[in-house]
Amino acid sequence: MKCELLITNGIIIDGTGRPAYNGDLAVNKGKIIAISPLINCQADRIINAAGLTVCPGFIDPHVHEELTVLQSSIFEEYLRQGVTTIINGNCGHSITPYSADNIYSYMVKKGLISHQTKERNMLNVPSWTNFSGYIDIVKNKGSNLNMGFLLGHGTIRWSIIGDTKNRKMTSKEETKIVSLLEEGMEQGALGLSTGLTYSPSKYADTDEIVKCAKVVQKYDGIYTSHIRSYLGTLEAVKEAIQIGTAAGIRVQVSHLTPNCPEGFDEILNARKNGLEIAVDTIPKSSGHLRRKDRLFQYLTTKEFLTSEEKQRLVKRLYSKENLALINTGIPNLENRTLKEIALERMISVDELILELLNNNRKEITFCQGGLIRKDFPGTPYAENIAHNPYLMVGSDKVTGEIDDPFAWYELYRKGAFPIFINLCRESGIKLEEIIRRITSLPAEHFRFSNRGTLSPGKAADITIIDMNNYNYPTDNEINYKTPLTVCKGVKYTIVNGRVALNNGIIEKTYSGQLLSRNGQVL
């Protein structure tokens, strides 16, 4: 037998949950062709995995890289975690409908990209007018990862109804939205996402979401939801279950906080009652770290602000007293909240912010949500969360500005997978079960029928890890000034048979595929 790649002497965890075993694995033409305790194969390349764990490539069901890939498609931070597949278009934000200009305008309006990124992309990236057109652009560019894409309810509603229309759809608007959903699903989208705490999706009632979900269900699509958390986390989970039940559709509850253990129980009970539902969580996160020139990114689309405009926007900042500072260049200001500093100086928080904005130091960075977020603290899971068999990792990673990583970022999300694995192991979950939850579980739930396990005939998405040294910096080790921090311990990550992370070195293989439902490749 001949093969392109032979992995020998590995500790194989195949993604099914079955016990690990020692063995070899052979790859040819992008597929796994054999797994056995010993394979005699004439191989173009041999990787000796002695002492290392060989797993299916991990799947991240919740990221926001749909515009990042247009600028850079290397995705080092995922490859270094062992991730081979990512699902984009979450939280209601997607690359359809209509023109690329329409999408860029939406993303700027939502603070997800800057004016500069919009202008650069419009100059340097080919335009598109529908889902298929976007897919063609990404295919031509290439990607180091497999990518799937959801249709965003927020982007579609914004395009048809507007941003602040707190009302039901008219029959004419409903017809347009249904048509756009059908078009996107026919062209290969995975399903529908919502961001029900964001405008304009928050203005859609449950009935509107059910109508949209029913359209997607006809194509065996999935419904994923950033839930309506202002109702209360448990009530918002119940709404997601209600939508799934009414539409007869698979459901993914996105980035559910472990601070609500009863929400995970509700999901498990719904699963037992026949609804195909699963959940992902962010294992740990800092708050949003925003350099001072990006402080108002969610409040205005203006590029340049007068002093009067700054004063008005400072008044609108949410929870500004709790903003923390880094990159100040002044030791007694570093890692302290604005409230603490303002009290010490006997000035108002608003006055302090305006003083910092007028400071000549451009690097000053505000952290909103705490240096470690209270809703995703990275502390041990409650027993019912750790033992929930339908729990996945969703890093919810947003790259920010690819050519200006210090503009705005979050820490720990680039280490979501090792952090999750370690948290679950601390709760006594076997490694084989944890690997199942981040490989075959999302593959089955999102209908990637040829991925998620190590078995002959499956796509050769594989990661080879030194599990004893698979980690991301801890609270004591982390440096909040370094957004480019990545995790350690992954030796090789193989995407469709090509080695994209090669003994710690990133290769530009661009062997990732664009994935649709039921094993289809776009």
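The values are calculated or read from the model by the stated rules, or taken from the named source; none is laboratory data. From a predicted model like this one, the values you see are computed outputs, not experimental measurements. Don't worry about glycine lacking a Cβ; one is built from the backbone with ideal geometry, like all the others, and counts go over all protein chains shown. Ligands, DNA and RNA are excluded from the accessible area calculation, which covers all protein heavy atoms including side chains. Shrake-Rupley method; radii C 1.70, N 1.55, O 1.52, S 1.80 Å.
Against the chain, whose longest principal axis is taken from its Cα atoms, helix 261-272 shows a tilt of about 50°. Taking the helices alone, the chain has a mean residue ellipticity at 222 nm of -8500 deg cm²/dmol, built from -39,500 (n - 2.57) per DSSP H run of at least 4 residues and averaged over all its residues. Rounded to whole numbers, the Karplus 3J(HN,Hα) couplings from phi for the stretch 19-28 are x, 5, 8, 8, x, 10, 9, 10, 10, 8 Hz, using 6.51 cos²θ - 1.76 cosθ + 1.60 with θ = phi - 60°, and x at Gly and Pro. Place +1 on the Cβ of every Lys and Arg and -1 on the Cβ of every Asp and Glu in the stretch 30-102, take the dipole about the Cα centre, and give the residue among CYS55, SER99, LEU70 whose Cα lies farthest towards its positive end. The one lying farthest along the dipole's positive direction is CYS55. If you count only protein heavy atoms and use a 1.4 Å probe, how large is the accessible surface of LEU501, to the nearest 10 Å²? Taking all protein chains as shown, LEU501 has close to 0 Å².
Solvent exposure of the stretch 91-199, expressed per residue, is 37 Å² of accessible area, with all protein chains present and a 1.4 angstrom probe.
With every protein chain in place and a 1.4 angstrom probe, the accessible-area ranking of HIS288, HIS153, HIS255, largest first, reads HIS288, HIS255, HIS153.
Sorted by accessible area with a 1.4 angstrom probe, largest first, how do SER254, SER307 fall?
In descending accessible area the options line up as SER307, SER254.
The figure for TYR203 is an accessible area of roughly 50 square angstrom, using a 1.4 Å probe on the protein chains alone. When you restrict to C-alpha pairs under 8 Å that are six or more residues apart and normalise by the size of the stretch 77-169, the relative contact order lands at 45 percent. Among 408-416, 125-133, 340-348, 182-190, the peptide with the highest mean count of other Cβ atoms within 10 Å heads the list, and the full ranking is 408-416, 182-190, 125-133, 340-348.
Kindly flag which residue pairs out of LYS238/LYS374; LYS414/LYS488; LYS109/LYS139; LYS315/LYS339; LYS2/LYS29 have an alpha-carbon separation exceeding 18 Å in this structure.
Working: LYS238/LYS374 23 Å; LYS414/LYS488 11 Å; LYS109/LYS139 27 Å; LYS315/LYS339 15 Å; LYS2/LYS29 11 Å.
Beyond 18 Å: LYS238/LYS374; LYS109/LYS139.
Taking the protein heavy atoms of the stretch 134-245 in the context of the full set of protein chains, the accessible area attributed to carbon and sulfur is 46 percent at 1.4 Å.
With all protein chains present, how much of the accessible area of the stretch 28-83 (probe radius 1.4 Å) comes from carbon and sulfur, to the nearest whole percent?
On the way: 900 of 1980 Å².
Reported share for carbon and sulfur atoms: 46 percent.
What Kirkwood Rh does the stretch 296-419 have if only Cα atoms enter the pairwise 1/r average? Answer in Å. Could you put the intermediate results ahead of the total?
Details: mean 1/r = 0.0590 Å⁻¹.
Evaluated over the stretch 296-419, this radius sits at 17.0 Å.
Apply the a/c threshold of 1.5 to the C-alpha gyration tensor of the stretch 397-465 and tell me whether it is rounded, prolate or oblate. Judged from the Cα gyration tensor, the stretch 397-465 comes out oblate (a/c at least 1.5, b/c at or above a/b). Rolling a 1.4 angstrom probe over the stretch 322-426 with all protein chains present gives an accessible area of which 52% lies on carbon and sulfur atoms.
For MET122, MET169, MET392, write out the residues from largest to smallest accessible area, computed with a 1.4 angstrom probe and no ligands counted. Don't skip to the answer; put the middle values down first.
Numbers: MET122 90, MET169 30, MET392 0 Å².
Ranked from most to least accessible, the order is MET122, MET169, MET392.
Solvent-accessible area per residue in the stretch 27-72 equals 38 Å², computed with a 1.4 angstrom probe and all protein chains kept.
Shape of the stretch 274-334 from its Cα gyration tensor (a ≥ b ≥ c, root eigenvalues): rounded if a/c is under 1.5, otherwise prolate when a/b > b/c, or oblate? Before the final figure, lay out the partial values.
Details: a/c = 3.01, a/b = 1.61, b/c = 1.87.
The shape class here is oblate.
Dividing the mean sequence gap of close Cα pairs (under 8 Å, 6+ apart) by how many residues the chain holds gives a relative contact order of 22 percent.
If you count only protein heavy atoms with a 1.4 Å probe, what accessible area per residue comes out for the stretch 339-443, rounded to a whole Å²? Show your work: numbers first, answer last.
On the way: 4210 Å² over 105 residues.
On a per-residue basis, the stretch 339-443 sits at 40 Å².
Put simply, the Cα atoms of the stretch 148-204 extend 30, 25, 13 Å along their principal axes, the longest span coming first. Rolling a 1.4 Å probe over the protein heavy atoms leaves ASP136 with an accessible area of roughly 80 Å². What shape does the stretch 39-134 have by the C-alpha gyration tensor, where a ≥ b ≥ c are the square roots of the eigenvalues, rounded means a/c under 1.5, and otherwise prolate means a/b greater than b/c and oblate the rest? Prolate is the answer for the stretch 39-134, as a/c is 1.5 or above and a/b outweighs b/c. Taking Cα atoms only, the orientation of helix 115-124 departs from the longest principal axis of the chain by about 50 degrees.
The HN-Hα couplings worked out from phi for the stretch 332-343 by the Karplus form 6.51 cos²θ - 1.76 cosθ + 1.60 (θ = phi - 60°) are 7, 9, 5, 6, 10, 7, 4, 4, 4, 5, 5, 4 Hz, whole numbers, x standing for Gly and Pro.
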